[in-house]
Amino acid sequence: FDFARNFRFDSKAVYQVEPNTKLSFGLGASHVERGEYGAVLIPSQTSQLETFRPFVRLDRKFDNGATGYLQWSGQFEDTDDVTGSTYRSARNDLEAQYSFHPSEKHHITVGGNFRSEYLDSRGFVPQYIVYPDNPFLEFSSGAFLVDRWKVPDRLTLEGQIRGDYASPMRDRFDWAGRGTALYALDEQKRHVLRASVARAFRSPGLDLREMGMHRGPLPFPPGGFVVNLPGNDDLHNEQTWAYELGYTGQL
């Protein structure tokens, strides 16, 4: 029974509270049905996945030319997996951002977010996937600064820095950043040189840290399996450095 059906719905509404203030909100939803699939030693059945993604956002433009917004968004899922497992998850994210001009050639943006993630799983087939410490509730937060400054008219410097804190990670605090210089070779800015250096990181997800996987039950001892893949809560964040040189020309 190899099939899939997906019904999707999306909506957005905007209300102009004042000339410089608007309120936006919306809801997206998805319902997926998937047929069972054949795999060695893995029982299977028809599965369903329901997803809801609401949001509320307030945008404001201030008299001094600054802009800002405050937004809450969520993602809620309810899943009956092909293996008979049941997942329920909830993600709530609150974020804010503020942009202003200290001077005519200087632009700064600051912001941050706070996020909570919840996962509850039950009804697992023993020889497939297990979360020994289920359920999970994790929190993370971050803040960032973007500074763009035209030093003379031909040279633009831009720096970005962001710090993130995640309660469940071994590397609880980590950072990302970028520094960029743009230099115009002519006054019309038709020929521009660019140099940039950046650092990014990625944290291991919940599955890599907590999920266990079993394959092939053994007749003896009871509860034994041919293959056991346990999670690893001792993982470090991945890190990436990038160095770039570029040229943009308008002939």
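Can you give me the Rg/Rh ratio for the range 52-112, using Cα atoms for both radii and the Kirkwood formula for Rh?
Answer for the range 52-112: 1.30.
Sort 143-150, 21-28 for me by packing, meaning the mean count of neighbouring Cβ atoms within 10 Å per residue, highest on top.
The peptides rank, most packed first, as 143-150, 21-28.
Bin all alpha-carbon pair distances of the range 130-251 at 10 Å intervals from 0 and give each bin's fraction as a whole percent.
Reading the bins upward from 0: 11, 26, 20, 16, 13, 8, 4, 1.
Please provide three numbers in whole Å: the alpha-carbon extents of the range 57-193 along the principal axes, with the largest listed first.
Projected onto the principal axes, the Cα atoms of the range 57-193 cover 69, 35, 27 Å.
When the accessible area of the chain is computed with all protein chains present and a 1.4 Å probe, what percentage of it is carbon and sulfur?
57 percent
Protein chains only, probe 1.4 Å: how do 151, 130 rank by accessible area, largest first?
Ranked from most to least accessible, the order is 151, 130.
How much accessible area per residue does the chain have, in Å², with a 1.4 Å probe?
With all protein chains present, the chain gives 64 Å² per residue.
Place a +1 charge on the Cβ of each Lys and Arg in the chain and a -1 charge on the Cβ of each Asp and Glu, then give the dipole magnitude about the Cα centre in debye, rounded to the nearest 20.
760 debye
Over the chain, what is the relative contact order in percent, taking alpha-carbon pairs closer than 8 angstrom and at least six residues apart?
Numbers: 635 pairs, mean separation 27.7, N = 251.
Taking the mean separation of contacting Cα pairs over the length of the chain, I get 11 percent.
Calculate the FRET efficiency for residue 5 and residue 243 from the Cβ-Cβ distance with a Förster distance of 45 Å, rounded to the nearest 0.05.
Rounded to the nearest 0.05, the efficiency is 0.45.
Apply the Debye scattering formula to the chain, with a single equal point scatterer on each alpha-carbon and no solvent, then give log10 I(q)/I(0) at q = 0.07, 0.09, 0.13, 0.14 Å⁻¹.
Taking Cα atoms of the chain as identical point scatterers yields -0.41, -0.65, -1.07, -1.14.
The values are calculated or read from the model by the stated rules, or taken from the named source; none is laboratory data. Everything quoted here is computed from the prediction, not taken from an experiment. A quick note on method: Cβ atoms are made from the backbone with ideal geometry, for glycine too, and the neighbour counts reach across all protein chains shown. To get the accessible areas, we keep the full protein, side chains included, count just its heavy atoms, and leave off ligands, DNA and RNA. Shrake-Rupley method; radii C 1.70, N 1.55, O 1.52, S 1.80 Å.
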